[in-house]
Amino acid sequence: LTWMVFANVVLGSFGQGVALGIFLGVMAGLLALVNTVGAWSIGVLGRLLARVARTPGALVAGRRLGDDPRSVWRSLGGLALVGFIVGVLLPVLDAVMRSGQGGGDPMGTLMMVDMRTGVLLTLGITVALAAMSTAVNQSIRVIDDIDQTRALVRLGAPVSFLDAARRLEIGVPAGVTTLGGMAAGILFISPVLLAGGLLTAATVLAVGVVSVAVILAASEATRPLRTRLLTESGADRS
């Protein structure tokens, strides 16, 4: 809110070069802040989830996040940073293209299209890397915790309980980092957006939802590994 008021009221009184410098400086500061407090915020999120949990799966997911937030941030931290950049750049690029500011110059229009393609490509690569990192980390967790998992299953815990805990452990921080980063970027750039840019902002958030779904799908890839390990010990219980 402070930034929106500052951008609307104060920046307009500066020259274009000074205003752009302030804008880029604030943006760089926000990116550095996100990277600094990222793991800590995941830990806080986990403790909060454990405190308000109403199901065993939510309790387990919250405690896992609170115990090891750095591993989650290593997998998803890039999405928070890239999501913020996407939330800033895509609405701006689309707003400029809709306004026709680059329309009179074919090279200018082509440059805008290439920049938008580059932003989307960067997001796609980041999501793919986050999905692969999530699958690897979850596979390692399955192997490391297999003795505990066998004990829980033999005591009567259904495998669906373990799946629910894993989905919350991945889905909640993935949603917060991805959608939160994009929403922060959109709010950051909103003082200079028109209606067309805000429409693009809604599309950006939809892309964020798809990105979270991809990461959740990657975590599901560990189910066959866990099933095989439980079957080998005769402890499988669906």
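The residues on offer are Gly156, Gly197, Gly175, and the sole one that is part of a loop (DSSP other than H, G, I, E, B) and either at pLDDT below 85 or not hydrophobic (A, V, I, L, M, F, W, C) (or both) is Gly156. Any residue in the stretch 136-149 that is more than 18 Å from Arg74 (Cβ to Cβ) sitting within a Cβ distance under 9 Å of a residue that is open to solvent by 60 Å² or more (accessible area, probe 1.4 Å) and in a loop (DSSP other than H, G, I, E, B)? List the pairs, counting only those 6 or more apart or interchain. Pairs that qualify, where the first residue is more than 18 Å from Arg74 (Cβ to Cβ) and the partner is open to solvent by 60 Å² or more (accessible area, probe 1.4 Å) and in a loop (DSSP other than H, G, I, E, B): there are none.
Looking at the stretch 89-108, which of the residues that are in a helix (DSSP H, G or I), under 25 Å from Pro191 (Cβ atoms) and open to solvent by 20 Å² or more (accessible area, probe 1.4 Å) is modelled with the lowest pLDDT? Write out each step before concluding.
Filtering the stretch 89-108 for residues in a helix (DSSP H, G or I) gives 89-99, 106-108.
Next, only the ones that are under 25 Å from Pro191 (Cβ atoms) stay: 89-99, 108.
Next, only the ones that are open to solvent by 20 Å² or more (accessible area, probe 1.4 Å) stay: 89, 92, 94-99.
On the way: Leu89: 83, Val92: 78, Asp94: 80, Ala95: 74, Val96: 75, Met97: 75, Arg98: 73, Ser99: 68.
Among them, the one singled out is Ser99.
Taking residues in the stretch 163-180 that are touching a residue at least 40 places away in the same chain (Cβ under 8 Å) and farther than 13 Å from Gly78 by Cα, and partners anywhere that are open to solvent by less than 10 Å² (accessible area, probe 1.4 Å) and among the β-branched types (Val, Ile, Thr), the pairs with Cβ atoms closer than 9 Å and at least 6 places apart or on different chains are Arg166/Thr222; Ile170/Thr134; Ile170/Ile215; Gly171/Ile215.
Checking every residue in the stretch 137-145 against the condition of being under 30 Å from Val34 (Cα atoms), in a helix (DSSP H, G or I) and among the charged types (D, E, K, R) gives at least one match. The residues of the stretch 53-85 that are part of a helix (DSSP H, G or I) and of a type in the set (Lys, Arg), listed by number, are Arg63, Arg64, Arg70, Arg74.
Would you say Ala183 is of a type outside the set (Val, Ile, Thr), modelled with pLDDT of 85 or more, open to solvent by 30 Å² or more (accessible area, probe 1.4 Å) and in contact with a helix residue (DSSP H, G or I) (Cβ under 7 Å, 6 or more places away or on another chain)? So that I can check it myself, show each step before the final result.
Details: of a type outside the set (Val, Ile, Thr): yes; modelled with pLDDT of 85 or more: yes; open to solvent by 30 Å² or more (accessible area, probe 1.4 Å): yes; in contact with a helix residue (DSSP H, G or I) (Cβ under 7 Å, 6 or more places away or on another chain): yes.
For Ala183, the condition - of a type outside the set (Val, Ile, Thr), modelled with pLDDT of 85 or more, open to solvent by 30 Å² or more (accessible area, probe 1.4 Å) and in contact with a helix residue (DSSP H, G or I) (Cβ under 7 Å, 6 or more places away or on another chain) - is met.
Pick from Val60, Val52, Val86, Val82: which is within 26 Å of Leu168 (Cβ to Cβ), at pLDDT 85 or above and surrounded by fewer than 17 Cβ atoms within 10 Å (Cβ to Cβ)? Of the residues listed, the single one that is within 26 Å of Leu168 (Cβ to Cβ), at pLDDT 85 or above and surrounded by fewer than 17 Cβ atoms within 10 Å (Cβ to Cβ) is Val52.
The set of residues in the stretch 205-230 being in contact with a Ser or Thr (Cβ under 8 Å, 6 or more places away or on another chain) and of a type in the set (S, T, N, Q) consists of Ser211, Ser219, Thr222. Put simply, of Arg98, Arg141, Arg167 the only residue that is over 16 Å from Val60 (Cα atoms) and out of contact with any Asp or Glu (no Cβ under 7 Å at 6 or more places or on another chain) is Arg98.
The values are calculated or read from the model by the stated rules, or taken from the named source; none is laboratory data. Please read all numbers here as calculations on a predicted model, not as lab measurements. We place every Cβ from the backbone using ideal geometry, glycine too, and count neighbours over all the protein chains shown. For accessibility, only protein heavy atoms count, side chains too; no ligands or nucleic acids. Shrake-Rupley method; radii C 1.70, N 1.55, O 1.52, S 1.80 Å.
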